[in-house]
Amino acid sequence: MPRTRLYRNGTLADEGFPVAKVSDYLTDDGAVIWFDLCAPSAADLATISEELGLHPLAVEDAVHEHQRAKLVRYDTHLFVTSYAVALNEATGELDTCEVDAFVTPRALVTVRRSERFDIDAVVRRWNGSPDLTGCGVSFLLHGLLDYVVDTHFEAVQALDSQIEALEDQLFDDDPRDKEMQRRTYELRKSLVTLRRVVLPMREVLNSLLRRDLHVVHGDMLPYFHDVYDHVLRATEWTESLRDLVTTILETHLTVRGNRLNVIMKQVTSWAAIIAVPTAVTGFYGQNVPYPGFGHTAGFWASTLIMVVLSVGRFVVFRREDWL
């Protein structure tokens, strides 16, 4: 069931009415209409197209998924594609949900791909700013884009926290290498996805702020500039986190290499120490007479040689920090 709202002269006048009444309401010059469709069929969009005179290419883009975030200008309306995002902190995966918007002089139509897009959060933003409802469609469009960009900002903040946790694990005494590598790649993949949806939003906001489009009401300009500032900050933050997660991965590999070198030094040192008694016992095990052969003194002499040489090597290796 589509969600609908009617604002008349800056006041919420009606909601929950059928889409068929849209054309009747639009005859009123003071009326501004919003209605929302979730996973609409081609027939539903065809009805919208007839009611508002939408361009067929825009309707086609609204039907097909995985469009690039963009703003397209047509003679009678604008078509905006954007993505809300949410980070699953347990898995590190980034969930994206596409929302399209048809923007006409007195109507905003939102088309969601699924219920994952929280349209109630957008409505709450509209309800929280009753003093701006007189700004018409630009007020409704701002609430939508402000929510979308805020999800980007929340996702990049969550990714920052996850990457900080990875940094803390770099020099753990008991590292979990396999888990850390998997987590690093998951976060890097999420950052790439986030960058793909955040970066084009600069063009979208920049185009909306052009005065020749006459979309943004004068009183709404500061609010759109604020959203644009959030887009820039999210973009720069995403870029810095991509570099940081790459650095973490490289540092992790370097630390692993250094740790392996330390282990190899320790193993080699102990092998060298063990080689001393092996060599001595091998020498005294020859089947030929030697000094001390057949006498107790030979046993104690060989034992003393093994102990002295082994302790000597241990002291040397410990002093060189190999053990």
Checklist entry - Taking +1 at the Cβ of each Lys and Arg and -1 at the Cβ of each Asp and Glu, which of Val227, Ala279, Tyr7 sits farthest along the dipole of the chain towards its positive end, judged by Cα position relative to the Cα centre? => result Ala279
Item to check | Share, in percent, of DSSP beta bridges within the chain that are antiparallel, nearest 5 | outcome: 85 percent
Item to check | Dipole magnitude (debye, nearest 20) for the range 37-161, charges at Cβ of Lys, Arg, Asp, Glu | outcome: 340 debye
Item to check | Distant-in-sequence amide H partners of Ala107 (H built 1.01 Å from N, under 5 Å) | outcome: Ile33
Item to check | Sequence-separation-based contact order of the chain, relative, with Cα cut under 8 Å and 6+ spacing, percent | outcome: 14 percent
Checklist entry - In whole Å, how far is the Cα centre of the range 175-232 from that of the range 83-144? => result 14 Å
Checklist outcome for this item: Excluding residues fewer than 8 positions from Lys189 in its own chain, the lysines with Cα under 25 Å of it are Lys70, Lys178
Checklist entry - Taking Cα atoms, how many degrees apart are the long axis of helix 296-319 and the longest axis of the chain, rounded to 10 and kept between 0 and 90? => result 30 degrees
Item to check | Dimensionless Rg/Rh of the chain - Kirkwood Rh, Rg from C-alpha atoms | outcome: 1.41
Item to check | Surface share of carbon and sulfur [accessible, 1.4 angstrom probe, percent] for the chain | outcome: 54 percent
Item to check | Calculated FRET efficiency for the pair Lys189/Val267, C-beta based, R₀ 35 Å, to 0.05 | outcome: 0.45
Next on the checklist: Suppose we keep just the DSSP beta bridges with both residues in the range 1-145; what percent of those would be antiparallel, to 5?
Outcome noted: 85 percent
Checklist entry - What does the charge dipole of the chain about its Cα centre add up to, to the nearest 20 debye, if the Cβ of each Lys and Arg holds +1 and the Cβ of each Asp and Glu holds -1? => result 1600 debye
Next on the checklist: Explain nothing, just compute: Karplus ³J(HN,Hα) = 6.51 cos²θ - 1.76 cosθ + 1.60, θ = phi - 60°, for every residue of the range 38-43 in order, whole Hz, x for Gly and Pro.
Outcome noted: 10, 6, x, 7, 4, 5
Checklist entry - How much length is gained on full extension from Thr303 to Leu260, taking 0.36 nm per residue of separation minus their Cα-Cα distance? => result 12.1 nm
Item to check | Over the chain: helical MRE at 222 nm, DSSP H runs n ≥ 4 each giving -39500 (n - 2.57), nearest 500 | outcome: -20000 deg cm²/dmol
Checklist outcome for this item: With all protein chains present and a 1.4 Å probe, the order of Arg211, Arg125, Arg182 from largest accessible area down is Arg211, Arg182, Arg125
Checklist entry - Using +1 on the beta carbon of Lys and Arg, -1 on that of Asp and Glu, and nothing else charged, what's the dipole of the range 108-211 about the Cα centre, debye to 20? => result 880 debye
Checklist entry - Setting aside same-chain residues fewer than 8 positions from Lys265, which lysines have a Cα under 19 Å from its Cα? => result none
Checklist entry - Hey, if you put +1 on the Cβ of every Lys and Arg and -1 on every Asp and Glu Cβ in the range 50-143, which of Ser114, Leu71, Ala90 ends up farthest toward the positive end of that dipole? => result Leu71
Checklist entry - Residues of the chain: accessible area per residue at 1.4 Å, in Å²? => result 54 Å²
Checklist entry - Using θ = phi - 60° and the Karplus form 6.51 cos²θ - 1.76 cosθ + 1.60, what ³J(HN,Hα) does each residue of the range 139-152 get, whole Hz, x for Gly and Pro? => result 5, 5, 5, 4, x, 5, 5, 5, 5, 4, 5, 5, 5, 4
Checklist entry - Using 1/(1 + (r/R0)^6) with R0 = 30 angstrom and r between the beta carbons of Ala42 and Asp168, what's the FRET efficiency to the nearest 0.05? => result 0.05
Checklist entry - Considering only protein heavy atoms, what is the solvent-accessible area of Thr27 at a probe of 1.4 Å, reported in Å² to the nearest 10? => result 110 Å²
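The values are calculated or read from the model by the stated rules, or taken from the named source; none is laboratory data. None of these values were measured; they are calculated from a predicted model. Note that we place each Cβ from the backbone using ideal geometry, even for glycine, and neighbour counts take in every protein chain shown. Ligands, DNA and RNA are stripped out before the accessible areas are found, and what is left, the full protein with its side chains, is counted by its heavy atoms. Shrake-Rupley method; radii C 1.70, N 1.55, O 1.52, S 1.80 Å.
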